[in-house]
Structure formats: structure tokens, C-alpha cells
1. So, S198, is that one part of a helix (DSSP H, G or I), within 20 Å of L307 (Cβ to Cβ) and modelled with pLDDT under 90 or not?
2. Quick one: would you say R25 is away from the ligand (no atom under 12 Å from the Cβ), open to solvent by 40 Å² or more (accessible area, probe 1.4 Å) and under 41 Å from the mean Cα position of the chain (by Cα)?
3. Quick check, is Y14 more than 13 Å from the ligand (Cβ to nearest atom) and either free of Cβ contacts under 8 Å to residues at least 40 places away in the same chain or under 22 Å from M144 (Cα atoms) (or both)?
4. In segment 650-688, which residues are part of a loop (DSSP other than H, G, I, E, B) and within 22 Å of L488 (Cβ to Cβ)?
5. Which condition breaks for K155 when tested against (1) in contact (Cβ under 8 Å) with a residue 40 or more places away in the chain; (2) within 16 Å of the ligand (Cβ to nearest atom); (3) surrounded by fewer than 21 Cβ atoms within 10 Å (Cβ to Cβ)?
6. Do we find a residue being over 33 Å from the mean Cα position of the chain (by Cα), modelled with pLDDT under 95, assigned by TED's automatic domain parsing to the domain that holds V8 and among the aliphatic types (A, V, I, L, M) anywhere in segment 152-164?
7. If you check I271 against the conditions, is it in contact (Cβ under 8 Å) with a residue 24 or more places away in the chain, open to solvent by 20 Å² or more (accessible area, probe 1.4 Å) and under 45 Å from the mean Cα position of the chain (by Cα)?
8. Mind checking which pairs have a first residue in segment 21-46 that is free of Cβ contacts under 8 Å to residues at least 60 places away in the same chain and a second that is aliphatic (A, V, I, L, M) and not in a helix (DSSP H, G or I), Cβ under 6 Å, 6 or more apart or different chains?
Amino acid sequence: MMRQFELVERVKSYDPAADEDAINRAYVYAMKQHGAQRRASGDPYFSHPIEVAGILTRYRLDSASIITALLHDTIEDTSATYADIERLFGEEVAHLVDGVTKLSRIELQSDRNKQAENFRKLVLAMSEDLRVLLVKLADRLHNMRTLHHIQDADKRRRIALETMEIYAPLAERIGISEIKNELEDLAFAELHTDARDSLVARLNFLREKGGGLIKRILDELGRTLREAGLAAEVSGREKSPYSIWRKMQVKNVGFEQLSDIMAFRIVVDSIEECYHALGVIHSRYPMVPNRFKDYISTPKPNGYRSLHTGVFGPASHRIEIQIRTREMHEVAQFGVAAHWTYKQGHRPADGKQFRWLQEMLDVLEHASNPEEFLEHTKLEMYQDQVFCFTPKGDLIALPRGACPVDFAYAVHSKVGDTCVGAKINGRIMPLRTPLNNGDQVEIVTSKAQTPSPTWERFVVTAKARARIRRFVRQQQRGQYLELGRGILIRAFRQEGYEYAEKALEGVLKIFKQDSVEDLVVTVGEGNLNGRDVVVAIYPELKNRPTADNVVALKRARKKPAGNAVSIRGLIPGMAMHFAACCHPLPGDRIVGIVTTGKGVTIHTIDCDQLEQFSETPERWLDLSWSENESDPDKVHLGRVNLVVVNEPGSLGNLSTVVAKNQGNITNLKITNRNADYFEMLLDIEVRDVKHLTNIIAALRATPAINSVERARN
Ligand code: MN
């Protein structure tokens, strides 16, 4: 176990300004908090956080990261709280420790291969700060180094699998190949013990058989480069058992060649020298075809740069060679952690690093102090997503801002359609609650439930929105169908015909409809007039009046009295019609406007349109309804504007309420529609203004109807 002064010395060696006092306090605090706790190995528990801190010193992390490593298990495993850490070590450290704690709580429950990518994203998203991820990787590395102490074989296997699927790829993604390689090899030893043992035995055999071969190759390569005037470091490295094994798996071959187990590396000072060294090697030894790769001009996504080549080298042994600069070498080993090195003043020459590193280096260049620099180490990846669990532990990836309804639809359309409630982390929460990373979401369903249009206001996924809309459309179609049929039945009857769906078939083409049902729905939606349909079927009706007041006139015509409506004050013989703007009803105070050649137009006294005639009082005619106008046989058109809540059944309620009050809907037009409500215009046959007022009152008492106003314009 590393001792307190050793840890401080290591940090001080690369960061003379490190907060020595805080590191000392954290060391003592972790020791006290973990107290008599023991590891599976029998070691005191606090040896673990200290080793984790030690691993991170290799990557020259800042004091806050080292302190976080020392404290990383205190919130989860001891009596320490976030508030304690914040009080003793400040907000930054408390936040970092909290981040590591959260990551520890989402450990994999089982081997779910297909979910590995999502788990990796989850870990990245939850890390938020790069340092959280680095501490977590060091934590995992130490746990893997001590994995063999765990007795439970299933547990060992689970941890090894998780390491292989989640943490090694994460280490690779941020370019720390050292940690990646070690994690993989430790996991490999647990998961495929026999395969690894036989590989190691084979490696030992080949090494012995080769005698001083590797040294001879190194010497010759070094001499060759020196003779060409290049000062280069040449080294040989045995590939890890896991990387050899994976290559054998992928290519389905055994290993025999030296090139299968050894890689040689040439490290020089500049990019020019990389290509120079490559030229020297290629002109001295025959190339192995298709082995050359230039990762300097085209770096790997994680920022890795090097030249790779294969040659038949000294004594015609096939070997693989990597050529790189010192800086490239550092990035290859340390990945993003390498930028802490650059903090000391070195920078890669062309700066073509992967995005994070590049951004961090940019910040570094412009940041005035280290604190500002650290501000910018926040992870940006996957911040637009949230990852949540089903009760079974499946991971569901959703866009940020998603709510339980989105989650339900992501699980299955049926779950979405029937969801009535949600438990988030065991607590019942509203369906509109935004979800957070790592939330466990349980959807409560009911067969009686159907999608609600109000959900559209808070869902964010396209799938949820599309399903809700589709359902609402289907519901509305049913309502429009009913409404349209009612309108058509009346329209037929008014012309003296019996409604027959068969008759509609003949006019589908005229109205560009595909089916009878479509036609009826179109009428119900108010996009087609019922009478127009009847006229199309019976063209002889064409010459009969079709004005707005056609209904009133038609009914009236049946009366022997002759005059359509009884209005006092009209000039005998003068044509009369009702204004389409205000739809006067018996009981309304009315006024007539005389237009030469057209006769009298009757408006209600409060109609806005009257304004335009204020300069021509000679055209005004005082009118009033006659006593007997409220004849139940006579009907007039009342027009109302409504705002109706957009939910299944609301249109049905509307027509029921109107029908119950002896009104007939003859026309319905939706003037505005959005996720929450419809605005519509409704024409209702009524006897008089009192009748309409009753209907309006009844509509106002209907919950699904927001507002009802008589149309004034
Ligand atoms: Mn730990």
C-alpha cells in the first residue's frame, strides 16, 4: 500500500502547485471513514482508494482528481455524506465524488451483449466530467487487479464481462491504451482462463526457442537508423495474450510467426523523422504487402497517430513496426489524460487530435488559469440523451427531456397506448415528468386506457407523437363519420329523399373521394356541404335556392302563408335574405340594409358589418320579428364559434348535447386545430334565439368544451 508521503511526493513531482494539505486530509479522512472495513483480499479497505489515487498519478491528474480517488467510495460505503465532503473538501471534489458514486450504482446486472453500447453511452453521459470517468477507470483497474480474491465465481465473471464490454472500450475511446490493454487482459484471464494459460505457455516457448533473436533484431534496427543519421529509440514489445487471442479468433488462425506476438516500435523527434525512418526501413527490408497504414495523416477517432508497417526484417523475420514521435507515443498511452502533460508546455505539432482533446487544448491555449481550464473538461458527448432502465434492467435510450410516455412507447407501442401512470425509482410520478439518466421507470398500464391528445404537449419522441396522433385521428374519424351521416340524412330528407349509402357511390368521383366512408367523413369534417352531395345525386335540384337561409326558406315554403319569415317593416315584394355574417334569429333585434337590385339584407342590430353603412342612413330599414315567428315548424340557422378540447369523444359529446336540446347540426367547420384544442364553427338549426341560447348554455356546461360564442362575423 502506498504511504501518505509517497502519494504526495508523486503528485508534487509533476504538479508542484498541488494542494498538499488537502491530499493529506483526504488520505486521513478516507482511512478513518473506511475504518476496519476489509477487502476480499483481507487487506484494509482504504488500501483500495489509495491504490486508485496511485494509478491516477501515472496520468498526472490534478489534485481534485487525486482527492476524488481517495474519497471515491466514502459516500457509497461509509457514513460520509455529500454535505460532509463538500464542507471538508469543497464543491468541486464533492461533485466529482458524487459523479463516481452514481456510476458505481449503475453497474451491470447481467451479461446483456446487445446493450453494451448503450451502457457505454450511459457511463459517458453520467460521467459529465472527464475526471469522473478517469477515476472510475482507475477504480475498475484496481478492482480487476484484485479480482482473483473474490470467492464467488459468478460475481468474478460478471465483473470481468462488464470490464470487457463497458470499461475497456471506454478506455479505448478516450485513447488510454495502457488501461484498455490491462483491463482486457485481466478480464480475459477470468473469462477464458484455459485459453489464456495455453497462450502464455506458447509465448514462453517461442521466446525461449528464439534465444536472443529479439535483441538481435532491436540492435540491427537501431544500427540501420543510426547509419541513416536518425536518432531513434527502438523497442520491442510483446503483444498482450488477449490481443493475440482476439486476432486468432477474428482471422481463425493459430500463431506461429514472430509478427504475431511481437511489435517493434521506433520513436523519433518529429513527424519528418517518422517518414524518414519509414523510408530507411522500406529501402533496407522488403515490405509485407498491405501492412502499411498511415495514422499520422489519418488519425484514429480516439486521436491515435503512428505509422504502421510490416517488413521481412533482420534474418528475414517477418516483423511489425510502429513509427511515431514522442508526443504521439504519449497520446497513444495516455489518451485524453495526456493533455495534463501538455499543460507543462508541450503541444503536438499539428494539433489534429480527436475532438475532446482538441477542444481541451484550444481551451488550454486560451484559458488564463488552470481553474478555467478545468471548467472545460466537461464531457459533451451524449448530453442530448438520457438513458433509463426498465424494471428488468433493460436500458432505453431517449432524447433529453423525454417523459414516461416516451419511455412507454419506446418499450412497446401497446405499452404506450395503455399507459396510465409511471413509477420512477419506485415512486409514482406524473406522466409528464422529465426523465434523468439512470432512472428506473416502471409503466403502469390499463386495458381501458387510450392515448390522450394532451400527451402530445409533453412527449418528445417522434414515435410517441406519431402514435398519439394516429389514435386521435382514428377516433375523430369515427366521430366525423357519425356526424357526416347525420348531416346527410337530414340533407336528403329536406329534399324529400331517403338517405341511401348506395346513392353516394355514384358521386364519389365528383367529390374526389375514394370511398363512401371518406365522403361521409368529409361532410362530417365540414369540408363538404350535405346539400351539394344531394344535388350531385339529383341534379334537378340544382335550380332551387342554396343561400345560407335555405333551410328556413325551405321549411317556410311548405307553409301556405307564402312568406318565408314574418318580419314586420319589410317592403312588400322586396327580396329579403339573412346576412351570412350574423345569422339573425327570431328574437334578435334586427335591422335591414337595402341594396339596389338585391333587396334587403337582414342583420342583427349588433352586427359589426353595419359599421360600413353608418354614412348611408337612407338604406337602413327598421325591422322586427312578427309574434308567431317562433313557430316550432320553422327553423333558422344559428352559427356559433366553439373551442373544444382535443380529446377522444369531445366531438361526440358536442353533437349529443346539441341533439338533446333539439338542435340539428347542419354544418361544422374546423377553423383551427392544434394539439390542445379545436376552434370550430357550427351551424345549428334552431327555432329562435332563445333556443340557440339554451343550446349555448348546455354546451358551456359540457366539460370538453372550453368556450362557446355566437358568431358575430
Ligand atoms: Mn472503488
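The values are calculated or read from the model by the stated rules, or taken from the named source; none is laboratory data. Computed from a prediction, not measured in an experiment: that's the story for all the values here. Every residue, glycine among them, receives a Cβ derived from its backbone with ideal geometry; neighbour counts consider all protein chains shown. Protein only, heavy atoms only, side chains kept; ligands, DNA and RNA dropped before computing areas. Shrake-Rupley method; radii C 1.70, N 1.55, O 1.52, S 1.80 Å.
1. Working: part of a helix (DSSP H, G or I): yes; within 20 Å of L307 (Cβ to Cβ): no; modelled with pLDDT under 90: yes.
So S198 fails the test.
2. Spelling it out, it is not the case that R25 is away from the ligand (no atom under 12 Å from the Cβ), open to solvent by 40 Å² or more (accessible area, probe 1.4 Å) and under 41 Å from the mean Cα position of the chain (by Cα).
3. Values: more than 13 Å from the ligand (Cβ to nearest atom): yes; either free of Cβ contacts under 8 Å to residues at least 40 places away in the same chain or under 22 Å from M144 (Cα atoms) (or both): no.
Against the criterion (more than 13 Å from the ligand (Cβ to nearest atom) and either free of Cβ contacts under 8 Å to residues at least 40 places away in the same chain or under 22 Å from M144 (Cα atoms) (or both)), Y14 does not qualify.
4. Let us first name the residues in segment 650-688 that are part of a loop (DSSP other than H, G, I, E, B), namely 661-663, 674-676, 687-688.
The answer is N661, Q662, G663.
5. Result: K155 passes all but (1).
6. yes
7. Details: in contact (Cβ under 8 Å) with a residue 24 or more places away in the chain: yes; open to solvent by 20 Å² or more (accessible area, probe 1.4 Å): yes; under 45 Å from the mean Cα position of the chain (by Cα): yes.
Here the answer is yes, as I271 does meet what is asked.
8. Once the first residue is free of Cβ contacts under 8 Å to residues at least 60 places away in the same chain and sits in segment 21-46, its partners that are aliphatic (A, V, I, L, M) and not in a helix (DSSP H, G or I) give Q33/A80.
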